[in-house]
Amino acid sequence: MLDTLAEIPALSLKDQASDPEGFAQAFGGSFQRFGFAVVRDHGVPQELIARAWALTKAFFELPEEEKRSYFLPGGGGARGYTPFKTEIAKGATHVDLKEFWHIGRELAAGHRFGDVMAPNVWPNQPEGFRETFIELFAAFDTAGDKLLSAVARYLGLAPDWFDPAVKDGNSVLRLLHYPPVAADAPEVRAGAHEDINLITLLLGAEEAGLELLDRDGKWLAVKPPEGAMVINVGDMLQRLTNHVLPSTTHRVVNPPAERRGHSRYSMPFFLHPAPDFLIKTLPGCVSAENPNRYPEPITAHDYLHERLVEIGLIKK
């Protein structure tokens, strides 16, 4: 059942500069209530976003054979192209109706994470692809740092607490294409799932389909204003905060009949900590009412590997 009564408030990141504590309470409060937040004025230039959309659509319109030439078997989908119907939500019976491209952090030669963070793959066309998405990755990084600062304040931590955790983080920018679907398609475009990372910053949710599972068991449609970002808690942040900030189940449903002949595009930025960051429950998130669910810490790299096996991107 879909609930349209509850609504995620739209916040402005501009407010952080004038009232950092007020913005942190509003942003963190939305995270604690929904596991999601909607943020306007996020600082990613509209011209850059428009250029990125045009290049995303141009790439996915390339011939199938050309796109598949950028698929790296055994790479866990970390970089380059992942074909249609490859990924499956944990516990799902149908594969997702999507294809995607992954861009990671550009590391200098000899970087200490070079053995666990794969180099990027860049297509020969469309022209300007590499330059545009390196620029967009950096813009997402900047927005993510500001949002994590708000999370830290909300949790009673120093505003820069996450800075060393995400420096050289294993973040991934995903370019997503959900092709048109048949009227009787049994699958959903993306099955019910939670994200793996710390937080996800999403552009492209204006096209209907994204829904989150609210506390009462009802699906809530996420409807951001034009150009706003949808931000959600990932499992790493949920684990770090001992579920004070919940990683909420969400999905992308097939569109109504009149939109089934249209593609859907989105650009999530999965903000990850550095591979060696130790996900260890924050003491301030443990209490008699909320005992520590995770007494054994785990590195971000090991946690990511476990989850990629679960969703079929890495084979056991």
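Being farther than 26 Å from S69 by Cβ and either open to solvent by less than 50 Å² (accessible area, probe 1.4 Å) or assigned to a helix (DSSP H, G or I) (or both): is that true of F133 here? No, not satisfied. The residue that is most open to solvent (accessible area, probe 1.4 Å), counting only those in segment 169-190 that are of a type outside the set (A, V, I, L, M, F, W, C) and modelled with pLDDT of 75 or more, is P180.
Residues in segment 226-241 that are in contact (Cβ under 8 Å) with a residue 60 or more places away in the chain and part of a loop (DSSP other than H, G, I, E, B): 3 in all. All of E7, E47, E21 fail the test of being out of contact with any helix residue (DSSP H, G or I) (no Cβ under 8 Å at 6 or more places or on another chain), part of a helix (DSSP H, G or I) and open to solvent by 10 Å² or more (accessible area, probe 1.4 Å), apart from E47.
Tell me yes or no: at least one residue of segment 59-80 is under 28 Å from A152 (Cβ atoms), hydrophobic (A, V, I, L, M, F, W, C) and at pLDDT 95 or above. Within segment 59-80, none of the residues are under 28 Å from A152 (Cβ atoms), hydrophobic (A, V, I, L, M, F, W, C) and at pLDDT 95 or above.
Yes/no per residue for (1) open to solvent by 40 Å² or more (accessible area, probe 1.4 Å); (2) of a type outside the set (F, W, Y); (3) modelled with pLDDT of 95 or more:
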residue	(1), (2), (3)
S266	no, yes, no
L271	no, yes, yes
P275	no, yes, yes
E289	yes, yes, yes
I298	no, yes, yes
L304	no, yes, no
E310	yes, yes, no
K315	yes, yes, no
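Of note, A143 satisfies the criterion of being in a helix (DSSP H, G or I) and open to solvent by less than 50 Å² (accessible area, probe 1.4 Å). When the residues of segment 287-316 are filtered to those that are within 19 Å of A165 (Cβ to Cβ) and of a type in the set (A, V, I, L, M, F, W, C), the one that is farthest from the chain's Cα centre (by Cα) is I298.
Scanning segment 234-249 turns up no residue that is farther than 15 Å from F36 by Cβ and acidic (D, E). Residue pairs whose Cβ atoms lie under 7 Å apart, sitting 6 or more positions apart in sequence or on different chains, and linking a residue in segment 99-125 that is among the polar types (S, T, N, Q) to a partner that is open to solvent by less than 60 Å² (accessible area, probe 1.4 Å) and assigned to a loop (DSSP other than H, G, I, E, B), are N120/R79.
The values are calculated or read from the model by the stated rules, or taken from the named source; none is laboratory data. All values derive from a computational prediction rather than experimental measurement. Virtual Cβ from ideal backbone geometry, glycine too; neighbours counted across all protein chains shown. Remember, those area values only see protein heavy atoms, side chains included, never the ligands or the DNA or RNA. Shrake-Rupley method; radii C 1.70, N 1.55, O 1.52, S 1.80 Å.
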